[in-house]
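Take a look at the structure set out below.
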Amino acid sequence: MLRYLTIAMLVVSVLGIILSIVLVGRESRLKPRFDVARIVIMGAVAAVMTFAIDITTPTWALGAALGGGIVIGTLQGRNLTVRSTDKGLYARRTTVAVFAFIAGLAVTQVAGYLKRTGAIQVGVAMTVLSVAVAVGLLVGRQPRVRAAKAEAQAEAVQ
């Protein structure tokens with residue numbers, strides 16, 4: 001039974017990856033409050049899992065997740081095309097940002113597989129990776145956001 005569940009989860013993961021890759025180049029509205037709320041919730045989940053449920057995470061896994069997540073997120077954020085409209089800010093990933101996104105997906109899938117096979121123990125490192133990517137993306141995109149807002153203001157003056 002567990003084997004079938006594992007296969008089903010793998011199929012769902014593959015379909016999720018394919019869907020993410022297909023949708024990765026689409027323009028999306030930036031929602032900073034939602035992004036911050038997501039970071040807070042994921043951080044709280046990691047904290048609860050660590051302290052309340054007593055899930056241990058190797059220090060190397062936390063360091064790798066934090067460092068790697070910040071790098072991947074910052075690469076994504078710095079490589080967005082951002083535009084400002086009357087309705088808000090919109091972003092589209094550039095080729096570099098798409099590859100950073102795919103690298104993040106690959107890291108999570110490989111780590112998840114290794115965890116499921118028992119090859120490594122990562123504890124809450126996957127959640128920490130997600131939080132770090134989200135923080136890196138939020139921070140990394142700020143120069144692009146400021147430039148888009150300034151450009152929109154300049155166009156409005158003319």
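Every number here is computed from the coordinates shown, using simple stated rules; none is lab data. All values reported here derive from a predicted model rather than from experimental measurement. All Cβ positions, glycine included, derive from the backbone under ideal geometry; neighbour counts span all protein chains shown.
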- Query: How many angstrom lie between the C-alpha centres of segment 14-64 and segment 83-127?
  - Reply: 8 Å
- Item | Whichever lysines have a C-alpha closer than 20 Å to that of K31, once near sequence neighbours (fewer than 8 apart) are set aside | K87, K149
- In Å³ per residue, the alpha-carbon convex hull of segment 2-157 encloses 116 Å³
- Return the calculated 222 nm mean residue ellipticity for the chain, to the nearest 500 deg cm²/dmol, obtained by summing -39500 (n - 2.57) across DSSP H runs with n ≥ 4 and dividing by the residue count. -25500 deg cm²/dmol
- Task: Give the peptides 24-31, 72-79 in descending order of average Cβ contacts within 10 Å, highest first.
- Result: 72-79, 24-31
- Relative to the longest principal axis of the C-alpha atoms of the chain, give the angle of the C-alpha long axis of helix 95-117, reported between 0 and 90° and rounded to the nearest 10°. 10 degrees
- Angle, helix 32-51 long axis vs. longest principal axis of the chain, Cα atoms, 0 to 90°, nearest 10? 20 degrees
- Using a Gaussian network for the chain with springs between C-alpha atoms less than 10 Å apart, which of these wobbles most: A111, A132, A44? A44
- To the nearest 20 debye, what is the magnitude of the charge dipole of the chain about its Cα centre, counting +1 on the Cβ of each Lys and Arg and -1 on the Cβ of each Asp and Glu? 260 debye
